[in-house]
1. Let me confirm something: among Lys158, Lys227, Lys180, which residue is modelled with pLDDT under 95, among the charged types (D, E, K, R) and outside the structural domain of Leu268 (by TED's automatic domain parsing)?
2. If I go through the stretch 102-121 residue by residue, how many of them are modelled with pLDDT under 75, assigned to a helix (DSSP H, G or I) and over 13 Å from Phe74 (Cβ atoms)?
3. Please list, ordered by first then second residue, the pairs with beta carbon atoms under 9 Å, 6 or more apart or interchain, first in the stretch 71-84 and farther than 15 Å from Phe112 by Cα, second part of a helix (DSSP H, G or I) and among the basic types (Lys, Arg).
4. Those residues that are more than 15 Å from Lys350 (Cα to Cα) and of a type outside the set (Gly, Ala, Ser), I need them from the stretch 311-333; list them, please.
5. If you go through the stretch 209-230 one residue at a time, do you hit one that is at positive phi and assigned to a strand (DSSP E or B)?
6. Checking the conditions here, which among Gly14, Gly30 is modelled with pLDDT under 90, small (Gly, Ala, Ser), assigned by TED's automatic domain parsing to the domain that holds Arg181 and in a loop (DSSP other than H, G, I, E, B)?
7. What tally of residues in the stretch 185-197 results from selecting those that are under 18 Å from Phe42 (Cβ atoms) and either surrounded by fewer than 23 Cβ atoms within 10 Å (Cβ to Cβ) or among the aliphatic types (A, V, I, L, M) (or both)?
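The values are calculated or read from the model by the stated rules, or taken from the named source; none is laboratory data. From a predicted model like this one, the values you see are computed outputs, not experimental measurements. All Cβ positions, even for glycine, are placed from backbone atoms using ideal geometry, and neighbour counts span all protein chains on display.
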Amino acid sequence: MRRDPGHLEPTVFGLLQVVVTMKRVVARGGPKTTVFVIGAGFSHDLGYPLTYELLKQLRMKRATWTIFRKVVKFHHPDWDGRKESMPDIETLLTEWVANEELLPTLRPNGPFTAEDLRGLRRDLLGEISDWFHKIHKRTSESRRETLTGFARLVSTAKNPVIISFNWDYELDRLLCEGRKRREVYGLEEGSAGVPVLLKPHGSLNWYRSRPGRHIKVALRETLWEDKNNKRNVRYCFLNWRAPRSSRRRYIPWIVPPTYFKSFEHDMLRTIWRRCVDSLSVANEVFFLGYSLPAADWHSRYIFRCGFHNQLEGRPLDHGGREKSTGRARVHIVNPDETVRNRVEATAGFKCQWFPGKVRKWLSELA
């Protein structure tokens, strides 16, 4: 029988409440942080697909699949039409973005338009989001063990900062009980010492101004205000599901997995800045299921800045630098040795590597 995740994991939620209370007491205990970098490998142990599995496992709606096949076949004429052999989602979305600008000029009478590409991208991300909301409702022993083990690890960390590149809100749910969302997401001053969750690629429960303003006031929290431009306002939906409406579709505010990512919004820039700040004074950094993709240049840059600042000191706003905190101890939990090589190349030194999955590593810590 399927049960609500809250019934399966009460100890996890209880443990994180102890963590939050404890960290409020030691908030002024020192400037160094413990940084946990969360990637798709972590969420995979919770039942979510890896990035390269997204399109292969997604059950697209018939209308989406029809235009999707047409567009992919044009860009990859040798594709045999099977999901198993299609290019990965990062390659496809990057191609579509690159072709949108030239399509009206080069193929004005082609079988699909630039608007078709934008609509296909929107529908594709919407269907992936719907799929992830469904996954969140599932329960499993693997999910319980992974979340409980991670909560236990965070409870022992000094000034924990979690940088998650995942869209799902599994960790959000652990950390948000009894707290303002702005505090949890590092958007409010005075959060030092309390577990902070930074999400540079957005989240399934974040919404732009247009759909977000239609969510009932009691069911939303404003994450970002902009009195000069209401279109820049960003909201967080407070329930752990997608908003329901018979009149409009709620597409979450997430950064699509392309090689040309855009971070023009000030809220995302603030989050990226906090990522660098936290890494710059880290005592320990744990890469948990995060692969540091070769094509994700923005992520590589923040990690390179963070490791550099550990030795040179964190830059001050008005010039100069803080006193350096020294090189962090870095732990990599990933079965792929090429991931270890990429992280070490970015850090500039050898790291401790556990060649296995996050769940197994956490169980061995218990």
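1. Matching residue, one of Lys158, Lys227, Lys180: Lys227.
2. Within the stretch 102-121, residues that are modelled with pLDDT under 75, assigned to a helix (DSSP H, G or I) and over 13 Å from Phe74 (Cβ atoms) number 2.
3. Here the result reads Trp79/Arg69; Trp79/Lys73; Gly81/Arg69; Gly81/Lys73; Lys83/Lys56; Glu84/Lys56, each pair linking the stretch 71-84 to a residue that is part of a helix (DSSP H, G or I) and among the basic types (Lys, Arg).
4. Hits for the stretch 311-333 are Leu311, Glu312, Arg314, Pro315, Leu316, Asp317, His318, Arg321, Glu322, Lys323, Thr325.
5. no
6. None of the others qualify; the one that does is Gly30.
7. Within the stretch 185-197, residues that are under 18 Å from Phe42 (Cβ atoms) and either surrounded by fewer than 23 Cβ atoms within 10 Å (Cβ to Cβ) or among the aliphatic types (A, V, I, L, M) (or both) number 2.
Yes/no matrix, rows are residues, columns are (1) modelled with pLDDT under 95; (2) over 25 Å from the mean Cα position of the chain (by Cα); (3) not aliphatic (A, V, I, L, M):
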residue	(1), (2), (3)
Arg304	no, no, yes
Gln310	no, no, yes
Glu322	yes, yes, yes
Glu337	no, no, yes
Pro355	no, no, yes
Leu365	yes, no, no
